[in-house]
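K.L.:
Quick one: the structure is below, questions incoming.
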Amino acid sequence: MPLRSLRNQIFVLIMLTLIVQALAASVWTTCILRSCAEESARDKVKGDVALAEALIEALYPGPWRADGGRLYKGDVLMNGSSIVNQVTALTGDTCTIFLGNVRIATTVPGPSGKPAVGTIVSEPVRKAVIDEGRGYFGSAIVVGKPYQTAYLPLRDAGREVVGILYVGTPQTEIHRMVRNLMLSKLVVVLFLLTALAVLISIAFTKWFSPLTNITRILKGIALGDYDRPLEPARYAEFEGIVEAAERMRSDIKSTFYRLNDLSSFGMRAVSVIREEEAYKLLVHYVKRLGIDETIIALCEEGHRRGRVVAYYCRQTDEEQYYAEPVSRFGFTCLKDVEHCQAVRTLSPCIVNNLTSDLGCRNVCIVYPQMHSYACYPLTIGGRSLGWVKASSTNPDYFDPELRKSLEGYISITAAVVANLRLSELNKLLSLTDPLTKLYNRRFLEEYFDRQVAEANRRQEPFVIIFLDIDQFKLINDTYGHELGDKVLATVARTIRNSLRQVDLMVRYGGEEFIIVLPGTNLEGGFTVAEKIRQTIASTPIKLESGETMFLTVSLGLAIYVPGSNLNVDEMIQQADEAMYQAKLMGKNQVVVWKKSRNSGQQVLFKNGDA
């Protein structure tokens, strides 16, 4: 086309101007886009490392602790922990837990493609996080490759830095995204250069509006603003990007609030001291999810039966908790827990529509208008403690986000209940004699103070009996300790069968037993002691030779009178002195400790005679 024409020259000038402007704009937008993308990635990993920290705190309460080459969160060993995989699955970023500056659990791939466990953090990061104890956010070399990273120090109970929590995304991925966007833009710009300058300028200005919107939303997410939705895309080319960004915003929002609720639930759950409190807390949080009916049932220890401990129904405004089995719930799975699919398979049973879907044939539903339900086992260590069934009057109510919340609440509840039971078992074992299954001396000391307070309040006396098996050492020396243990178990069983439910029996040590009879005077105490003495004397012990032997016991009685202010040691000493006197008087006797009416000196009376 000849350039001598003014029209052509103006056209060429306009085109050159547009080209120069397009090139200048391309350079300018490339810098801004790269900066925004890197800033967005940096803000994202900042948010993701905060999410990772909250998730670890919710799942593993307690301080960080380094022990040799191992790192613990609470009581959980973090070396090789799968929590980094959960964080990566949740955020899409790589995650690492360091002990000192050494990776002990990571999803960062090494040169071989396997997780780079055992490698160390870069020197600038080590200096900032471990030496100076502050977070590090920005670009860093991770296993030889550039990443946008966020590092937080992990501190123990003494505020000492014992490790590092890392979340990062490869910088090459950011550059690839920017490069692809720019190539797409350049193609469109070259196509638009054939149009009029005004239309090109207008189109060019509007072209970047979706990216600006996405950047603005990403910055808002990094600052904690999850509620501002993206504007609809003006161009079809950006619909996929906008939809993906909006989906990411929605997912981050729901994940943040779910983890926030889960963290709140976990912090409240660790403070409960009774199982019933744990069930009430679980029902409270399940109600917030809009669930219409909730049933919590437990498997009874040593049996195949189950029992309902909590029931909630929104429609009837009912919320009940049960300490004992109730006849109201006649579910088949309560008679045999193996009929519960969740308990049997140790996995959730989700039914989205009771009308059309195949559900558990033994479903636990009280309110008849339920159309969908989710049943989760309360599991710990591969063992089912019970199950939780949540129902809704709406079909397809249990979407993936709701199920994740339920799973989080229920798994924390299972762990709390297991810990409470373990704590109670440890307490019981510390207060129980393993041979006779009786309480031990430590329990007696705690029990005595409560019994004295009760006796003073009721103005009722109580009796202590000190019992010793006669010639027990001779039995051990003659027949061996195995028979001696059998004798102790037999005596304990015989005594227990002669007592009331309110009476207490303790193995005090060796062949000595102490019995406490609340609300009993000396005459009543003597009657019980004499009954025990006669019962034991008439109970045969079978020897390995086939022969039988009979035991005798010596018993001493002492009484606590309201207001006397005797302590446990003084009461036991009086009963012990009476028992010792029974030994001196020929054994196989009951002797009562009293004071002389005239002199006030301590004297002993046989068989309760004054």
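The values are calculated or read from the model by the stated rules, or taken from the named source; none is laboratory data. None of these values were measured; they are calculated from a predicted model. Reconstructed Cβ throughout: ideal geometry from the backbone, glycine too, with neighbour counts over all protein chains shown. Surface areas here come from the heavy atoms of the whole protein model, side chains and all, with no ligands, DNA or RNA. Shrake-Rupley method; radii C 1.70, N 1.55, O 1.52, S 1.80 Å.
K.L.:
If all Cα-Cα distances of the range 543-593 are sorted into 10 Å bins from 0 onward, what percent lands in each bin, rounded to whole numbers?
P.N.:
25, 35, 22, 13, 5, 1
K.L.:
Provide the solvent-accessible area of Ser356, counting protein heavy atoms only and rolling a 1.4 Å probe, rounded to the nearest 10 Å².
P.N.:
90
K.L.:
Using the beta-carbon distance between Leu346 and Glu445 and R0 = 51 Å, what value does 1/(1 + (r/R0)^6) give for FRET efficiency, to the nearest 0.05?
P.N.:
With R0 = 51 Å, the Cβ-Cβ based efficiency is 0.75.
K.L.:
Now for a different question. Kindly sort Leu438, Leu59, Leu152, Leu584 by accessible area of their heavy atoms, largest first, with the probe set to 1.4 Å.
P.N.:
Leu584, Leu59, Leu152, Leu438
K.L.:
Still on this structure, please answer the following. For helix 6-59, report the angle its Cα long axis makes with the longest principal axis of the Cα atoms of the chain; keep it between 0 and 90° and round to the nearest 10°.
P.N.:
Orientation of helix 6-59: about 0 degrees from the principal axis.
K.L.:
Once the other residues with Cβ under 11 Å from the Cβ of Lys583 are scored (Lys, Arg +1; Asp, Glu -1), what is the net sum?
P.N.:
Residues near Lys583 contribute -3 overall.
K.L.:
Unpartnered cysteines of the chain (Cβ-Cβ under 4.7 Å counts as a partner)?
P.N.:
Cys31, Cys36, Cys95, Cys299, Cys313, Cys360, Cys364
K.L.:
Taking only C-alpha pairs under 8 Å that are 6+ residues apart, what is the relative contact order of the chain in percent?
P.N.:
Over the chain, the number comes to 7 percent.
K.L.:
Expressed as a rounded percentage, what relative contact order does the range 367-489 have, with Cα pairs under 8 Å and six or more residues apart?
P.N.:
16
K.L.:
In whole percent, and with a 1.4 Å probe on the protein chains, what portion of the accessible area of the chain is carbon and sulfur?
P.N.:
For the chain, the apolar C and S fraction of the accessible surface comes to 54 percent.
K.L.:
May I ask for log10 I(q)/I(0) of the range 233-378 at q = 0.10, 0.13, 0.16 Å⁻¹, from a Debye sum over the Cα atoms as equal point scatterers with solvent left out?
P.N.:
The Debye formula, applied to the Cα set alone, gives -0.47, -0.72, -0.99.
K.L.:
Can you give the accessible area of Met78, probe radius 1.4 Å, in Å² rounded to 10?
P.N.:
The accessible area of Met78 comes to roughly 0 Å².
K.L.:
Taking the Cα atoms only, what angle lies between the long axis of helix 197-207 and the longest principal axis of the chain, rounded to 10 degrees?
P.N.:
The angle comes out at about 10 degrees.
K.L.:
Based solely on its DSSP helices, what 222 nm [θ] is calculated for the chain when runs of n ≥ 4 H residues each add -39,500 (n - 2.57) and the sum is averaged over all residues, nearest 500 deg cm²/dmol?
P.N.:
After summing the helix terms and dividing by residue count, I get -15000 deg cm²/dmol.
K.L.:
Here are a few candidate values for mean projected area of the Cα convex hull in nm²: (i) 56.4; (ii) 45.2; (iii) 30.9. Which one was actually calculated from the structure I just gave you?
P.N.:
Evaluating mean projected area of the Cα convex hull in nm² on these atoms matches (ii).
K.L.:
Provide the FRET efficiency to the nearest 0.05 for the Thr17-Lys145 pair, computing r from the beta carbons and using R0 = 41 Å.
P.N.:
The pair Thr17/Lys145 has a calculated efficiency of 0.45.
K.L.:
Taking a spot 7 Å from the Cα of Arg258 along the direction of its beta carbon, which residues of the range 315-355 have an amide N less than 18 Å from it?
P.N.:
348-352, by backbone N distance to the label point.
K.L.:
In nanometres, what is the gap between the two model label sites at Asn79 and Glu544, each 7 Å from Cα along Cα-to-Cβ?
P.N.:
4.7
K.L.:
For the chain, what does the accessible surface come to per residue with a 1.4 Å probe? Please give it in Å².
P.N.:
Result: 52 Å² per residue.
K.L.:
Cross-link list Lys114/Lys219; Lys44/Lys73; Lys46/Lys287; Lys280/Lys437; Lys44/Lys404: which exceed 31 angstrom alpha carbon to alpha carbon?
P.N.:
Lys114/Lys219; Lys46/Lys287; Lys280/Lys437
K.L.:
As a test of reading the structure, rank Met370, Met248, Met15, Met267 by solvent-accessible area (1.4 Å probe, protein chains only), most first.
P.N.:
Met267, Met248, Met15, Met370
K.L.:
Would you kindly find the accessible area of Asp396, with a 1.4 Å probe and non-protein molecules such as ligands, DNA and RNA excluded, rounding to the nearest 10 Å²?
P.N.:
Approximately 110 Å² for this residue.
K.L.:
Scan the chain and hand back the longest stretch that contains none of the GluC sites (Glu not before Pro) lying in DSSP loops with at most 10 other Cβ atoms within 10 Å.
P.N.:
1-300
K.L.:
On a 0 to 90 degree scale, rounded to 10, what angle separates helix 522-537 from the longest Cα axis of the chain?
P.N.:
With both axes taken from Cα atoms, the answer is about 90 degrees.
K.L.:
Of Arg249, Arg216, which has the most accessible area with a 1.4 Å probe, and how do the rest follow in descending order?
P.N.:
If we order Arg249, Arg216 from most to least accessible, we get Arg216, Arg249.
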